[in-house]
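Trainee: I am attaching a structure below and will ask some questions about it afterwards.
The values are calculated or read from the model by the stated rules, or taken from the named source; none is laboratory data. Just so it is clear, the model here is predicted, and its values are computed rather than measured. Note that we place each Cβ from the backbone using ideal geometry, even for glycine, and neighbour counts take in every protein chain shown.
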Amino acid sequence: MTVESSAARKPRRTAAGKAGTTGSKTGATGTKRTTRTTRSAAKKSAEPGLVQLLTPEGERVENAEYDAYVAGITPEELRGLYRDMVLTRRFDAEATALQRQGELGLWASLLGQEAAQIGSGRATREDDYVFPTYREHGVAWCRGVDPTNLLGMFRGVNNGGWDPNSNNFHLYTIVIGSQALHATGYAMGVAKDGADSAVIAYFGDGASSQGDVAESFTFSAVYNAPVVFFCQNNQWAISEPTEKQTRVPLYQRAQGYGFPGVRVDGNDVLACLAVTKWALERARRGEGPTLVEAYTYRMGAHTTSDDPSRYRGDEERLAWEAKDPILRLRRHLESSGHADEGFFAELEAESETLGKRVREAVRAMPDPDHFALFEHAYADGHALVDEERAQFAAYQASFAEEGGH
Amino acid sequence: MTVESSAARKPRRTAAGKAGTTGSKTGATGTKRTTRTTRSAAKKSAEPGLVQLLTPEGERVENAEYDAYVAGITPEELRGLYRDMVLTRRFDAEATALQRQGELGLWASLLGQEAAQIGSGRATREDDYVFPTYREHGVAWCRGVDPTNLLGMFRGVNNGGWDPNSNNFHLYTIVIGSQALHATGYAMGVAKDGADSAVIAYFGDGASSQGDVAESFTFSAVYNAPVVFFCQNNQWAISEPTEKQTRVPLYQRAQGYGFPGVRVDGNDVLACLAVTKWALERARRGEGPTLVEAYTYRMGAHTTSDDPSRYRGDEERLAWEAKDPILRLRRHLESSGHADEGFFAELEAESETLGKRVREAVRAMPDPDHFALFEHAYADGHALVDEERAQFAAYQASFAEEGGH
Amino acid sequence: MAEKMAMAKAINESLRRALDTDPKVLVMGEDVGKLGGVFRVTDGLQKDFGESRVIDTPLAESGIVGTAIGLALRGYRPVVEIQFDGFVFPAYDQIVTQLAKMHARSLGKVKLPVVIRIPYGGGIGAVEHHSESPEALFAHVAGLKVVSPSNSSDAYWMMQQAIQSDDPVIYFEPKRRYWDKGEVDPEAIPAPLHKARVVREGTDLTLAAYGPMVKLCREVADAAAEEGKSLEVLDLRSVSPLDFDAVQASVEKTRRLVVVHEAPVFFGSGAEIAARITERCFYHLEAPVLRVGGYHAPYPPARLEEEYLPDLDRVLDAVDRSLAY
Amino acid sequence: MAEKMAMAKAINESLRRALDTDPKVLVMGEDVGKLGGVFRVTDGLQKDFGESRVIDTPLAESGIVGTAIGLALRGYRPVVEIQFDGFVFPAYDQIVTQLAKMHARSLGKVKLPVVIRIPYGGGIGAVEHHSESPEALFAHVAGLKVVSPSNSSDAYWMMQQAIQSDDPVIYFEPKRRYWDKGEVDPEAIPAPLHKARVVREGTDLTLAAYGPMVKLCREVADAAAEEGKSLEVLDLRSVSPLDFDAVQASVEKTRRLVVVHEAPVFFGSGAEIAARITERCFYHLEAPVLRVGGYHAPYPPARLEEEYLPDLDRVLDAVDRSLAY
Ligand SMILES: Cc1ncc(C[n+]2csc(CCOP(=O)(O)OP(=O)(O)O)c2C)c(N)n1
Ligand SMILES: Cc1ncc(C[n+]2csc(CCOP(=O)(O)OP(=O)(O)O)c2C)c(N)n1
Ligand SMILES: [Mg+2]
Ligand SMILES: [Mg+2]
């Protein structure tokens, strides 16, 4: 899969505009900078920080350090990555639609972040353990979590609808940053067990400001825990651009804690796959934590409750659309002849089927039993819960008796 | 004051053994490494991180970057620094003795950290604001806080016995790391006011692990707040060596947040003065935060409740005694002829007077009135406090009536 | 001069007035600037007062409260927004060990006039951590004042008073009432911040509530009236201090008390009220003080919150139980 | 087999036994290793079980609890030490939003058998933040269990049970009783973790307490006995759940109840006990439930703590007030 990467110095990059800058103007001047970057794209060294294996145009570029991690990738695997991204996006769109129809209370779309999530998710091994935020639908997909399970909490029927240990995919975590410590602790446990599994913690650019994330850097470095911190810098924490969280690129945070940080083109699924594999393998080899900053873009609203028009313009989104992660791989598949029309058509049909399945599953999702309130507060029971459950039962029964209400 | 610094390549350093290492062996092998360093001390570049202006032998060494900040220092000012350190140590020893005599409940000694505190404290301007931990007796001295005021909380008569705004010296803070955020907020306020004051926050190597300290780095960087983070790395957080907090030198933490970090010889009062001045001036000029790591040593116990023999050997302490901050300046004063026997003798007498004054002041310190319990919980009052105060008064009065108990 | 406005708007207007009249007042928090907050409570304030008065902060609650403390030490009066109830906990250390205690620690030398706004409570069908009622966790902590308005007028005036207070005030905003409209008269003379108010007079039983539950209690009183029961409804307004005198006065009249809040009953406000009122009114009470509130379980997913939250029937049930004594 | 030992030693022995019998048990915290903890409760454990079982952590409480959660997810059973009561707050978010809720969040799929040891309470003449009693702040939070032993035997056994519990347990150690000696029989059959115990029978009034105040209540009962009053003393042992059945049984007999704790009275355990027992025993109580505890003020400097803390006279005063009804 390195054949495409021979034309090494052609202008080919519109994607990496902000890499290597101080981050202090992130967001506001997106379009302009992209333009400027396109013009000067031949100067690869101008963006020393950004790892990219596929240009936005779908051209494979060489990378001495990371090529090895995707060297053996087959056309089938490439199509697999494409399929993952397409189906994830389809699922995501369906969920957004279901929210509009009132079937979900809320949805946090991953639109634009498919490459970051599928690339990193596919880099994990079955025995690895994943700690997501609330937006890692693509990673969940890679871990084999049935996407309909993700919808329970957004529909309001549960606060986490899967068994984390079935797929080594932890529950969604809403309190920003707290899962980074869980991942670190879990990784400490892996090391204690002498296992060669690795752990990956997802979080956002906003989350990077939380003390818990910093403490997870400290703990993982001190204990040399096999954990990868995968920060999807999607440029926004709700309405706040990344410059409100940091004045230097986030991947640089790691070095102050004594482990490597890398910025990868988060819209390049191959690069995300390669860099994450590299980081996970470091962890397995006992080399400790790594911070990966996937430089990407939240193309949609923060959640369905959000109105991004209040804080950002369309130009920025348009600029990022040109770097669309799915389009990029499609171009690559097409130009390299690794996929034909039949593949794309079949995938389209599969997408529709998925959409339909998700739609139906959500609509059929039963409301929880009222007594679920008391069910899982404790593992070993609690006298007060028992008392309250009994009172609740009596109270409920009183309506039945009265036949009223 | 740069005359002494001509003999630039003589072996002269026994102090800086650990500078520039990864910190991963801090503590345990102190002596050995010091020896090794002494032998190779001529290779200045071996410790690129450590700023030193005075060798342990009291020789002035040149430093292109920081000399300017002490260029105009007079012999009188040098003697002043010496006096500050000696009196601070004397005060500290008196407090330790008073604890043994039962006059204080606890004491946290600064022994060994005099240069870090006096150097940095004397670098501050009157309008600057200082946020200490619980060990900054030397900084308090520089700020003009009467040392006897520091003893109230250790005696248990109050939780902070001075008006922070009288000397721009905040109260001692016991919850590790929390004051770093107060300092940052204060500095944000200074910037809002358009003032050119600066703020300095003290904390320890252990504190560097707290989320609050990391968040203060984030906030100060994002708002470009005029604050200096002065970390006294005294090698220990109670029983834990610095390697339990970080695997790289602490001053490097700053760069990941986008501001400079410097490691200074914390037993070199001149270097501490120069580096802190530099950092404060950066702050005044609107260049934002700086992290200064003063590499020093807690020569005594963590507090009078602590027994360091449980976790560290004497050799380490002995090695650091050779780098004693007071001895070092004394040697310099003597060899440069800036101080004579009369000065030292006079200072000895002054020390004794100070000790006596402190002793007497502590013994005369009255216990707080019982009603102080209710006095300051609120600024604007609180109905429940009023109610409880009244009940308490009635209860107290009941004894008087009964004449009993 | 009085105008009808939603509670969110009333708070917005109150913040605007404070920013306008006192240059030391700041508004800070996540997304409070350009976005105007996820509930639009700070809408337009940054546009009008600038980025140095209305500050979008990094995503770190301890940092927000910790720097607000520092700003207060410098003479500012920060009004901090915590985006949702469930996200106040990263700041809990700064609130409990620093904000609450610095006045006492400094023997009164240092005042920290910081207001912490927390949209709280359930009933809006939200995901986890967006519907909690943690007020008891602040009321137990000396040094803090804790208030919660139930209507637009109080929201407006209590915010004015909270900002003017030299003590830190935790200002709980009943988010499900944000869109309820009520009169606000910016020239009125407001009631004292920590005094309860009788919002409906009655003779048979007292319902005591604050924040989101006041409206419910009024509805309960209406329903009970139809059954010929006369309920008095007290809007406590302040959780710390609690206006026990007002509750006592009411209970001495009605001889029965039911306390209603969304927070879990166990160790909740109702416990404190029941304990103290029973002490004060031991010979007056015809029935034990009853409590209606959340169960001892994490706040449930949205499709269960109706069962979890006090509602008309549950409060009426408690009223009946009390009256049955 | 029984041996007399100080409470600190009893906890040490219990931890040792757990480390010995279950390879998944870990001990972690600041200074717990080489130093053996500032109170020597973990003395010698690192030496015997190694650095990978007894772990000196970085100085960051949120990190300690957060990584303990991760370790528990991996199948470990961490026993975490918070060095002093006042330093638990940086970890409060992890405890309240994660540790307490993960079992419910996962619909029971995930269990977090984490024990958090907190030396708590005053009476040792310490500086600020070293003498607090924050148990109410944990009891209000569903998903946590909260216990506090009053003597060496309970300290030993309740630690065994806490470690075996599949729920997170906040284990409050009454630090001023660390040096009190009592029998520990490592072959005894322990009482259930959450059951109260009558430690002295009496007929005239019930004193309910836990942790450090149990000893005081026994002394009060002795003193009262001299005056001819027969007090029953209940050691509650568990704050969440509270053994209301035991309190009720006692109160139905004595008809009077005084609850004693060091924590501030306002929103403290006494409030919950008073409220619920008044509800359960409304017709039995001859007097309102009275509470003796800390005032609504930050824990005072050491030279004032005697005034702040409940002592013999203050409890006797409450006893007299109760009996006067
Ligand atoms: C502790 C905490 N504070 C605030 C919030 C509210 N909140 C939810 S998402 C979000 C922004 C997160 O931004 P980022 O970390 O960049 O992730 P993204 O949403 O962009 O994926 C905020 C402030 C929260 N969930 N948790
Ligand atoms: C939040 C918090 N956790 C724990 C403690 C207990 N404690 C007091 S001092 C200390 C060690 C501090 O080490 P360091 O920051 O290096 O400062 P030093 O004492 O060496 O000056 C600890 C753990 C505390 N005071 N605050
Ligand atoms: Mg983001
Ligand atoms: Mg230290």
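Residues checked against (1) farther than 30 Å from D:K101 by Cα; (2) of a type outside the set (S, T, Y); (3) crowded, with 16+ Cβ neighbours inside 10 Å:
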site: A:G337; (1), (2), (3): yes, yes, no
site: A:G342; (1), (2), (3): yes, yes, no
site: A:T353; (1), (2), (3): yes, no, no
site: A:R359; (1), (2), (3): no, yes, yes
site: A:P368; (1), (2), (3): no, yes, yes
site: A:Y378; (1), (2), (3): no, no, yes
site: A:L384; (1), (2), (3): no, yes, yes
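Trainee: In addition: Quick test for you: out of D:L107, D:L71, pick the one residue that is modelled with pLDDT of 95 or more, in contact with a strand residue (DSSP E or B) (Cβ under 8 Å, 6 or more places away or on another chain) and either part of a loop (DSSP other than H, G, I, E, B) or at the interface with chain A (Cβ under 9 Å from one of its Cβ atoms) (or both). First the steps, then the outcome.
Mentor: Details: D:L107 fails: in contact with a strand residue (DSSP E or B) (Cβ under 8 Å, 6 or more places away or on another chain).
Exactly one residue qualifies, and that residue is D:L71.
Trainee: Look through the range B:191-212, keep the residues that are charged (D, E, K, R) and within 14 Å of chain A (Cβ to nearest Cβ), and return whichever of them is nearest to ligand 4 (Cβ to nearest atom). Give the steps one after another, and end with the answer.
Mentor: Start the filter on the range B:191-212 by keeping residues that are charged (D, E, K, R), which leaves B:192-193, B:196, B:205, B:212.
With the extra rule that they be within 14 Å of chain A (Cβ to nearest Cβ), the set shrinks to B:205, B:212.
Details: B:D205: 4, B:D212: 16 Å.
Checked the range B:191-212; the qualifying residue nearest to ligand 4 (Cβ to nearest atom) is B:D205.
Trainee: Right, next: Could you grab the pairs with beta carbons closer than 7 Å, sequence gap of 6+ or different chains, first residue in the range A:197-223 and within 16 Å of ligand 2 (Cβ to nearest atom), second one assigned to a helix (DSSP H, G or I) and of a type in the set (A, V, I, L, M)?
Mentor: Every condition considered, the pairs that remain are A:G211/B:A214; A:D212/A:A180; A:D212/A:L181; A:A214/B:A214; A:E215/A:L181.
Trainee: For A:D386, which of the numbered conditions (1) closer than 30 Å to C:E306 by Cα; (2) more than 12 Å from chain D (Cβ to nearest Cβ); (3) among the acidic types (D, E); (4) assigned to a helix (DSSP H, G or I) fails to hold?
Mentor: (2)
Trainee: Identify, from the list C:R16, C:R74, the residue that is farther than 30 Å from B:I174 by Cα and among the charged types (D, E, K, R). Spell out the reasoning first.
Mentor: Working: C:R74 fails: farther than 30 Å from B:I174 by Cα.
Result: C:R16 is the single residue among C:R16, C:R74 that is farther than 30 Å from B:I174 by Cα and among the charged types (D, E, K, R).
Trainee: Assess whether A:G119 counts as being modelled with pLDDT under 95 and in contact with a Gly (Cβ under 9 Å, 6 or more places away or on another chain). Can you show your working first?
Mentor: Details: modelled with pLDDT under 95: no; in contact with a Gly (Cβ under 9 Å, 6 or more places away or on another chain): yes.
Here the answer is no, as A:G119 does not meet what is asked.
Trainee: Go through the range B:272-298 and give me each residue that's part of a loop (DSSP other than H, G, I, E, B) and of a type in the set (K, R).
Mentor: Of all residues in the range B:272-298, those part of a loop (DSSP other than H, G, I, E, B) come to B:285-289, B:296-298.
Those that are part of a loop (DSSP other than H, G, I, E, B) and of a type in the set (K, R): B:R285, B:R298.
Trainee: With away from every other protein chain (no Cβ under 14 Å) and either closer than 26 Å to D:Y308 by Cβ or not small (G, A, S) (or both) as the only criterion, which of D:D185, D:D166 stands out? Explain how you work it out, then say what you get.
Mentor: Numbers: D:D166 fails: away from every other protein chain (no Cβ under 14 Å).
The conditions single out D:D185.
Trainee: For the range A:238-260, enumerate the residues that are part of a loop (DSSP other than H, G, I, E, B), within 15 Å of ligand 1 (Cβ to nearest atom) and surrounded by fewer than 24 Cβ atoms within 10 Å (Cβ to Cβ).
Mentor: Kept after step one, since they are part of a loop (DSSP other than H, G, I, E, B), are these residues of the range A:238-260: A:238-239, A:245-249, A:258-260.
Keeping just the survivors that are within 15 Å of ligand 1 (Cβ to nearest atom) gives A:238-239, A:245-246, A:249.
Across the range A:238-260, the qualifying residues are A:I238, A:S239.
Trainee: If you take the residues in the range B:213-237 that are within 16 Å of ligand 4 (Cβ to nearest atom) and among the aliphatic types (A, V, I, L, M), which one is surrounded by the fewest Cβ atoms within 10 Å (Cβ to Cβ)?
Mentor: B:A237
Trainee: Tell me yes or no: at least one residue of the range A:169-181 is surrounded by fewer than 24 Cβ atoms within 10 Å (Cβ to Cβ) and touching a residue at least 40 places away in the same chain (Cβ under 8 Å).
Mentor: Yes, that holds for at least one residue.
Trainee: Could you list, in sequence order, the residues of the range B:295-304 that are away from ligand 2 (no atom under 11 Å from the Cβ) and either within 11 Å of another protein chain (Cβ to nearest Cβ) or of a type in the set (A, V, I, L, M, F, W, C) (or both)?
Mentor: Listed by number, the list holds a single entry, B:M299.
Trainee: Which of the residues belonging to the range D:27-64 are of a type outside the set (F, W, Y), assigned to a helix (DSSP H, G or I) and more than 8 Å from chain A (Cβ to nearest Cβ)? Talk me through it step by step, then tell me what you get.
Mentor: From the range D:27-64, those of a type outside the set (F, W, Y) are D:27-38, D:40-48, D:50-64; that's our starting set.
Keeping just the survivors that are assigned to a helix (DSSP H, G or I) gives D:45-48, D:61-64.
Passing the criteria: D:L45, D:Q46, D:K47, D:D48, D:E61, D:I64.
Trainee: Out of curiosity, is D:V319 under 30 Å from B:Y378 (Cβ atoms) and among the aliphatic types (A, V, I, L, M)? Before you say what the answer is, go through the steps one by one.
Mentor: Values: under 30 Å from B:Y378 (Cβ atoms): no; among the aliphatic types (A, V, I, L, M): yes.
So D:V319 fails the test.
Trainee: Also: If I go through the range B:157-214 residue by residue, how many of them are among the hydrophobic types (A, V, I, L, M, F, W, C) and closer than 28 Å to D:L304 by Cα?
Mentor: Narrowing the range B:157-214 to residues among the hydrophobic types (A, V, I, L, M, F, W, C): B:157, B:162, B:169, B:171, B:174-176, B:180-181, B:183, B:187-188, B:190-191, B:195, B:198-201, B:203, B:207, B:213-214.
In the following step, the residues that additionally are closer than 28 Å to D:L304 by Cα were identified as B:157, B:162, B:169, B:171, B:174-176.
Residues meeting the conditions: 7.
Trainee: Please count how many residues of the range A:187-212 are among the acidic types (D, E) and within 16 Å of A:E136 (Cβ to Cβ). Walk me through it before giving the result.
Mentor: First pass over the range A:187-212, keeping only residues among the acidic types (D, E): A:193, A:196, A:205, A:212.
From the residues that got through so far, the ones that are within 16 Å of A:E136 (Cβ to Cβ) too are A:205.
Number satisfying all stated conditions: 1.
Trainee: For the range A:155-170, does any single residue satisfy the condition of being among the β-branched types (V, I, T) and either facing another protein chain (nearest Cβ under 7 Å) or within 16 Å of ligand 4 (Cβ to nearest atom) (or both)? Walk me through how you get there before you give the answer.
Mentor: First pass over the range A:155-170, keeping only residues among the β-branched types (V, I, T): A:157.
Subsequent filtering for residues that are either facing another protein chain (nearest Cβ under 7 Å) or within 16 Å of ligand 4 (Cβ to nearest atom) (or both) retains A:157.
The answer is yes, given that some residue of the range A:155-170 is among the β-branched types (V, I, T) and either facing another protein chain (nearest Cβ under 7 Å) or within 16 Å of ligand 4 (Cβ to nearest atom) (or both).
Trainee: Output the number of the condition that A:N149 fails; it satisfies all remaining conditions of (1) within 26 Å of A:D306 (Cα to Cα); (2) out of contact with any strand residue (DSSP E or B) (no Cβ under 9 Å at 6 or more places or on another chain); (3) touching a residue at least 40 places away in the same chain (Cβ under 8 Å).
Mentor: A:N149 satisfies all of (1) within 26 Å of A:D306 (Cα to Cα); (2) out of contact with any strand residue (DSSP E or B) (no Cβ under 9 Å at 6 or more places or on another chain); (3) touching a residue at least 40 places away in the same chain (Cβ under 8 Å) except (3).
Trainee: Return the only residue of D:A68, D:A91 being in contact with a Ser or Thr (Cβ under 6 Å, 6 or more places away or on another chain) and within 16 Å of ligand 2 (Cβ to nearest atom). Reasoning before the result, please.
Mentor: Numbers: D:A68 fails: in contact with a Ser or Thr (Cβ under 6 Å, 6 or more places away or on another chain).
That would be D:A91, the only listed residue that is in contact with a Ser or Thr (Cβ under 6 Å, 6 or more places away or on another chain) and within 16 Å of ligand 2 (Cβ to nearest atom).
Trainee: Suppose we filter D:E128, D:E173 for residues that are part of a strand (DSSP E or B), surrounded by 24 or more Cβ atoms within 10 Å (Cβ to Cβ) and in contact (Cβ under 8 Å) with a residue 60 or more places away in the chain; which single one remains? Walk me through it before giving the result.
Mentor: Working: D:E128 fails: part of a strand (DSSP E or B).
Exactly one residue qualifies, and that residue is D:E173.
Trainee: For the range B:70-148, which fully contained helices (runs of 4 or more DSSP H) count at least 2 residues that are within 14 Å of chain D (Cβ to nearest Cβ), over 17 Å from B:A294 (Cα atoms) and more than 16 Å from ligand 4 (Cβ to nearest atom)?
Mentor: Numbers: elements: B:75-100, B:114-123, B:137-142.
Of the helices (runs of 4 or more DSSP H) lying wholly inside the range B:70-148, those with at least 2 residues that are within 14 Å of chain D (Cβ to nearest Cβ), over 17 Å from B:A294 (Cα atoms) and more than 16 Å from ligand 4 (Cβ to nearest atom) span B:75-100.
Trainee: Still on this model: Within the bounds of the range C:135-146, is there any residue that is part of a strand (DSSP E or B) and away from ligand 1 (no atom under 16 Å from the Cβ)?
Mentor: The first filter runs over the range C:135-146 and keeps only residues part of a strand (DSSP E or B), leaving C:145-146.
Keeping just the survivors that are away from ligand 1 (no atom under 16 Å from the Cβ) gives C:145-146.
Among the residues of the range C:135-146, at least one is part of a strand (DSSP E or B) and away from ligand 1 (no atom under 16 Å from the Cβ), which makes the answer yes.
Trainee: Sticking with this one: Can you pull out the residues in the range D:1-18 that are in contact with a helix residue (DSSP H, G or I) (Cβ under 6 Å, 6 or more places away or on another chain) and not in a helix (DSSP H, G or I)?
Mentor: D:M5
Trainee: Residues that are touching a His at 6+ places or on another chain (Cβ under 8 Å) and within 16 Å of ligand 1 (Cβ to nearest atom): list the helices (runs of 4 or more DSSP H) wholly contained in the range A:155-228 that include at least 1 such residues.
Mentor: On the way: elements: A:164-167, A:178-193, A:211-222.
By residue number, A:178-193.
Trainee: I'd like the full set of residues that are without any contact (Cβ under 8 Å) to a residue 60 or more places away in the chain, in a strand (DSSP E or B), more than 16 Å from D:E262 (Cα to Cα) and touching a Ser or Thr at 6+ places or on another chain (Cβ under 9 Å), limited to the range D:198-222.
Mentor: At the first step, the residues of the range D:198-222 found to be without any contact (Cβ under 8 Å) to a residue 60 or more places away in the chain are D:198-203, D:206, D:209, D:218, D:221-222.
When the remaining residues are screened for being in a strand (DSSP E or B), the result is D:198-200, D:206, D:209.
Going one step further and asking which of them are more than 16 Å from D:E262 (Cα to Cα), we end up with D:198-200, D:206.
Across the range D:198-222, the qualifying residues are D:V198, D:V199, D:T206.
Trainee: When you check C:S148 against the structure, is it more than 8 Å from every other protein chain (Cβ to nearest Cβ), over 22 Å from B:V385 (Cα atoms) and buried (at least 24 other Cβ atoms within 10 Å of the Cβ), yes or no?
Mentor: Values: more than 8 Å from every other protein chain (Cβ to nearest Cβ): yes; over 22 Å from B:V385 (Cα atoms): no; buried (at least 24 other Cβ atoms within 10 Å of the Cβ): yes.
Here the answer is no, as C:S148 does not meet what is asked.
Trainee: Then there's this: Among the numbered criteria (1) closer than 29 Å to C:D85 by Cβ; (2) within 14 Å of chain C (Cβ to nearest Cβ); (3) of a type outside the set (D, E, K, R), which one does D:I116 miss?
Mentor: Among (1) closer than 29 Å to C:D85 by Cβ; (2) within 14 Å of chain C (Cβ to nearest Cβ); (3) of a type outside the set (D, E, K, R), D:I116 violates only (2).
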